Amino acid sequence: MSEARLAERVARESYGRLLALLCARTRDVAAAEDALSEAFAAALTAWPRGGAPDNPEAWLFAAAKRKLIDAGRRTRTANAGEAEIVRGIEEFVAEMAEVNVPDRRLGLMFACAHPAIEESVRTPLMLQTILGFSAERIASAFLVEPTAMGQRLVRAKKKIKDAGIGFEVPEPAAWGGRFPAVLNAIYAAFASGWSDPMGADPERQGLTEEAVWLGRVLAQQLPQEPEVLGLLSLMLHLDARRVARRGSDGRYVPLDEQDVSLWRRALIVEAEQLLHAASKIGRPGRFQLEAAIQSAHATRAWRGETDWAAIALLYQALAELTGSPVAQLNAAAAIARRDGPEAGLTAVEAIAADNPMLRDYQPYWALIADLAAKLGRTEAARAAYDEAIARESDAAVIAFLAARQKSL
């Protein structure tokens, strides 16, 4: 492996761990990021000349440590003078020398999800600090101007420093809203990549893999938290079907028409094992229910048919737990498959009466169109397809809806 490739691999695998170790002592995310970036730059210069070190991670940590000490000598800030920085560095140099170095990434995740941090910036902050994503890449993935995203991230890091937000993992009793925020941030990263199934956007490419990797980090550190296992199970179930979501020509393929031979069985098996383990620990939460729904869809790979009865019940449970009108709409879609289009349409109309905002949601109109078509209400179906197409931005999905409309 070339030195440049080695640096890339270490960056992926170790960036968040090293940054978390640096932040745990300095309490300054921005300074730790600068030091680590300079260390990686030094590696790209030094390793091709002298060869890669036996322990690349320790080399990078030592280089970043020196950068932080140099920065401390230059700034001599009132609240973190050189002596304090050197003392702190010496403490975690000794820590790094231990056989089992504690992994502080979880503490960094909790810092990113602190209530003092604006909710909209928690996921971007986690992507940057744990995975080392640039502000430009994050901005593109979340459809925000790079300058605006950069400013938000800078403000968030300053908030962590100024408010003295700790990087320790709080006791479970004190997690409050921070633990769900950590899970939501990871899933938001996954969803951002998932919404680009063909990988056409280079900035979102790989986001699903990175989110799954974050989920694995979390599951390794919190193996007794059922919602962590549920989240990882959900992402693996979805990722297992990624290749089947589009035809070779880029054509959109709905879930119930996907070629199950393209589904990655190993990921499905792993997802099922995680879901089973979660079910034995505690009462089902949102991510466990969503993973169970995907598990019910996965039965088609083995039995040749989808368990719509189970899916309807699970979506109803999810709707009761979360109050989400989208979950209610999905429950109605499953009811239509279980009990027929008339029952489904009745359920959809009742949900829309209580949640008028659904009328701006493309899947609502697509479902209305499909059920109306099955009931022979051609004009109503045609009008609903017009509404669905007007609310869709994915060209492949628009083509799919237009083809369905044309076939009426």
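Rule-based calculations on the coordinates, nothing more; no lab input. Computed from a predicted model, the values in this text were never measured in an experiment. For neighbour counting, all protein chains shown are included, and Cβ atoms are generated from backbone atoms with ideal geometry for every residue, glycine included.
For Lys374, the lysines whose Cα falls under 20 Å of its own Cα, not counting residues fewer than eight places away in the same chain, are Lys406.
Placing a pseudo-label 7 Å from each Cα along the Cα-to-Cβ vector at Leu321 and Arg155 gives an inter-label distance of 3.4 nm. Phi-derived couplings, Karplus 6.51 cos²θ - 1.76 cosθ + 1.60 at θ = phi - 60°, listed residue by residue for region 121-133: 9, 5, 5, x, 5, 5, 4, 6, 7, 8, 10, x, 5 Hz, with x used for Gly and Pro.
Stretch Thr299-Glu145 to full length: gain in nm at 0.36 nm per residue minus the Cα-Cα span? Intermediate results must be reported in sequence, preceding the final value.
Details: separation 154, 0.36 × 154 = 55.44 nm, distance 4.21 nm.
Net length gain for the segment: 51.2 nm.
Of the trypsin sites (Lys or Arg not before Pro) found in region 256-338, the ones in coil according to DSSP and having at most 10 other Cβ atoms within 10 Å of their Cβ are Lys280.
Length gained on full extension, Ala350 to Glu209, computed as 0.36 nm times the residue gap minus the Cα-Cα distance: 46.9 nm.
Placing dummy labels 7 Å off each Cα toward the beta-carbon, the span from Asp162 to Arg216 is 3.9 nm. Karplus-derived 3J(HN,Hα) values for region 149-159, using 6.51 cos²θ - 1.76 cosθ + 1.60 with θ = phi - 60°, are 5, x, 5, 5, 5, 4, 4, 5, 5, 5, 4 Hz; glycine and proline are entered as x.
Bridging of Lys67 to lysines at a Cα separation below 30 Å is possible for Lys157, Lys158, Lys159, Lys161, once same-chain residues fewer than 8 apart are set aside. Taking the Cα centre of region 326-408 as origin and assigning +1 to Lys and Arg Cβ atoms and -1 to Asp and Glu Cβ atoms, the resulting dipole is close to 260 debye.
Mind running the shape call on region 189-322? Use the C-alpha gyration tensor, a ≥ b ≥ c as the square roots of the eigenvalues: rounded below 1.5 for a/c, prolate if a/b tops b/c, oblate otherwise.
Details: a/c = 1.79, a/b = 1.20, b/c = 1.49.
Verdict is oblate for region 189-322.
How high is the relative contact order of region 286-347, in percent, with contacts defined as C-alpha pairs under 8 Å that are six or more residues apart?
This gives 27 percent for region 286-347.
I'd like the FRET efficiency for Ala30 and Thr378, computed as 1/(1 + (r/R0)^6) with the beta carbon distance as r and R0 of 51 Å, rounded to 0.05. Please list the in-between numbers first.
On the way: r = 60 Å, r/R0 = 1.18.
The formula returns an efficiency of 0.25 here.
Placing dummy labels 7 Å off each Cα toward the beta-carbon, the span from Ser279 to Ser261 is 3.0 nm.
When only alpha carbons are used to place a centre, region 338-389 and region 266-335 end up 23 Å from one another. Using the Karplus relation 6.51 cos²θ - 1.76 cosθ + 1.60 with θ = phi - 60°, the per-residue 3J(HN,Hα) values for region 44-54 come to 5, 8, 7, 5, x, 7, x, x, 6, x, 5 Hz, with x marking Gly and Pro.
Can you give the FRET efficiency to the nearest 0.05 for Ala41 and Ser393, using r as the Cβ-Cβ distance and R₀ = 30 Å? Before the final figure, lay out each step's value.
Working: r = 38 Å, r/R0 = 1.28.
In this case the efficiency is close to 0.20.
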